[in-house]
Structures are given as structure tokens and as C-alpha cells.
Number of protein chains: 2
Amino acid sequence: MIFRYAVAPADRLAVRAIAESTGFFSPAETDVAVELVDERLRKGPASGYEFAFAEEAGELWGYSCFGPIAATEASFDLYWIVVAKDRQRAGIGRALMVESERLIRAAGGRRIYVETSSRGQYEPTRAFYQRGGYRIEAVLDDFYAPGDGKVILVKVL
Amino acid sequence: MIFRYAVAPADRLAVRAIAESTGFFSPAETDVAVELVDERLRKGPASGYEFAFAEEAGELWGYSCFGPIAATEASFDLYWIVVAKDRQRAGIGRALMVESERLIRAAGGRRIYVETSSRGQYEPTRAFYQRGGYRIEAVLDDFYAPGDGKVILVKVL
């Protein structure tokens, strides 16, 4: 498995395919995933979105998307880590987390924020980040919808 | 004093002038204020930025900027309330807060979020919102910089 950082137009379809493969994201969420790729293709680094793609023999297995938070000195958002359904449970998500942290540190980042939902569906997501050293710093009740709060996790590098 | 909601190209200069008049914002923050006006002029409602301008006889006394938070059912950000230096302490900020809340409620909003800095300079800002019924829901330590955290306030409509 290798990491690739340059974003290509073909990644629009590949990102949509692996996001859909997971069965985890709503159609609207999948659209947002593709929009971040579009933003990056259009604006380059000024988009604020950086990517790490994990692939082998040209097949995309997973990717992460992250970027600096405007108006902060050294805080980054880690927006997504997605692994294709048939490649899960092989450590690829963890490898993408570690690689993203390496890149963020190299870019001067000192704090990484992850935002997720308080719903039960996202319990494995929260556990994944907590195993990686992220801790829950805040919960905004009913942020997304009644009964669906926003959980903010942070890792200090 | 009347409220106006349509954004005009002349508001770029007027917003810069009143932001600078306060002596409160950094040049970078003032640039962001103008950029939000630009985004609204370019994209219209799709920008996600709504404005309420308080003025009399064509003179801008203050304004607020707010908008729906993507991927939420009924949450809004209240980004800024700014009042010209020589019009402060006359209730205009409070009037802009109340008017913004009315517009947000009419647009289906049920929760309003305000983000500000934990630094001492922003203590009057936090007190202003707390008097208006906003409560501190979370503090992200060192978010903006070491010693400069993000304070998240919320008001449930």
C-alpha cells in the first residue's frame, strides 16, 4: 500500500465509490465528500483541504481529508477517514490517521480536531479516534438535530 | 433606525469602516468581515451568509451576519454583531441581536451558536451574549493559539 497526496479528477468517482461502499454515509454526506475533492481540484491548496489516498496497484482503498483551521495558529480539522468496505478491519484507517497526523505535524499543526455525531451509529467512529489518542473535549447537545449532538474530539500533537 | 437586509456593493467599504472604527478587530479579522460581504454579493443566499444592517438616513450604524449551519436541521451561526464606535452604548447591538434571532426563528432556526475567544479582550463580548440569554456550552482550550481558547455559546429559541 502506498500513500498519494496529489488529487486527480478521477478521484471524484473513486471517492464516491468508496464512500458509498461503506453503507455508512447518507447520500448528502457522500455528496459533501465529493465536493471537498471538487474544491481541492478547483482551488488547490487555497481550498484548505489536503488529502492522503491509500492505494495499491492503482486501486483506492481509503483516504483521509484534513486541513488547517482558518484564524488559528496551529489547529487542524481532520474531516474524514474513509476505508472501502472490502478493505476494512485491516488497519488502513489507523494507517491513514497516523499518516495524516505526520503530515499535519510537518505543516506546523499542534492540535487536531475531529467532529462527529453523538448518535449510536457513530460510536465505532468515536472509539476509533479514542483508541488513536483523541479525547472528547466538548459535546454540543442537539447540534445536528434533536437528539443528535456534535461531539468534538481533540488530539494534542 | 431601520433594518435593511439586502447587501449592496457599497457595503464592502461601509463594513470595513465600522469594523475599523471599533479598534477591536485585527486587520485580518476586518478582512474576513469584508470577505463575508463579498461572498454574499457573489453567491447570494447560497453563500450561507445573511445580513441585517442597522442604519439611519443612509448612515450605517452597525450590522449582524448569521447563517444556517450546513448539515444541521435547525442550527445557525451568529458570526458577528458590530456597531460603529460612535454609536455604541445605545442599544444597537442588542437590537441587532434581537432582530437576528427573529429572522433566524422565521427561517426555521431553533439553536443559535456564537463562537468567540477566551481571551480577556473578549470578556465584554461574552457578557453581551450572556445578557442576551446565550450560555457557554463548551470551551476548546488553546484552539486559536496557546492560551487563546474557543468559547462556544448557544441560545435555544
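From the residues in the range A:123-157 that are touching a Ser or Thr at 6+ places or on another chain (Cβ under 9 Å) and within 17 Å of A:CYS65 (Cβ to Cβ), which one is surrounded by the fewest Cβ atoms within 10 Å (Cβ to Cβ)?
The selected residue is A:THR125.
Please verify whether the range B:10-23 includes one or more residues that are of a type in the set (Lys, Arg) and over 29 Å from A:ASP148 (Cβ atoms). Before you say what the answer is, go through the steps one by one.
Of all residues in the range B:10-23, those of a type in the set (Lys, Arg) come to B:12, B:16.
From what is left, the residues that are over 29 Å from A:ASP148 (Cβ atoms) are B:12, B:16.
Taking every residue of the range B:10-23 in turn, at least one turns out to be of a type in the set (Lys, Arg) and over 29 Å from A:ASP148 (Cβ atoms).
Being more than 21 Å from B:VAL32 (Cα to Cα) and part of a loop (DSSP other than H, G, I, E, B) is the filter; apply it to the range A:39-67 and report the residue that is nearest to the other protein chains (Cβ to nearest Cβ).
Restricting to residues being more than 21 Å from B:VAL32 (Cα to Cα) and part of a loop (DSSP other than H, G, I, E, B), the top hit is A:GLY58.
Does any residue of the range A:92-114 turn out to be within 14 Å of chain B (Cβ to nearest Cβ), among the hydroxyl-bearing types (Ser, Thr, Tyr), under 24 Å from B:TYR79 (Cβ atoms) and free of Cβ contacts under 8 Å to residues at least 40 places away in the same chain?
no
Can you spot a residue in the range B:89-100 that is closer than 19 Å to A:LEU140 by Cα and within 16 Å of the chain's Cα centre (by Cα)? Quick ask: steps written out before the conclusion?
So the first thing to find is which residues in the range B:89-100 are closer than 19 Å to A:LEU140 by Cα, and the list is none.
No - not one qualifying residue is present in the range B:89-100.
Of all residues in the range B:68-107 being in a helix (DSSP H, G or I) and touching a Ser or Thr at 6+ places or on another chain (Cβ under 6 Å), which is nearest to A:PRO27 (Cα to Cα)? I'd like the intermediate steps shown before the answer.
Of the residues in the range B:68-107, the ones in a helix (DSSP H, G or I) are B:85-87, B:92-106.
Then keep just the ones that are touching a Ser or Thr at 6+ places or on another chain (Cβ under 6 Å); that gives B:85, B:96, B:100.
Working: B:LYS85: 47, B:LEU96: 37, B:SER100: 32 Å.
Here the answer is B:SER100.
Could you please give the count of residues in the range A:16-33 that are more than 19 Å from A:ARG87 (Cα to Cα), of a type in the set (S, T, N, Q) and in a helix (DSSP H, G or I)?
The qualifying residues number 0.
Can you tell which of A:LEU13, A:LEU36 is modelled with pLDDT of 95 or more, in a helix (DSSP H, G or I) and either among the aromatic types (Phe, Trp, Tyr) or crowded, with 16+ Cβ neighbours inside 10 Å (or both)?
A:LEU36
The values are calculated or read from the model by the stated rules, or taken from the named source; none is laboratory data. From a predicted model like this one, the values you see are computed outputs, not experimental measurements. Heads up, the Cβs are rebuilt from the backbone with ideal geometry, glycines too, and the neighbour counts pull from every protein chain shown.
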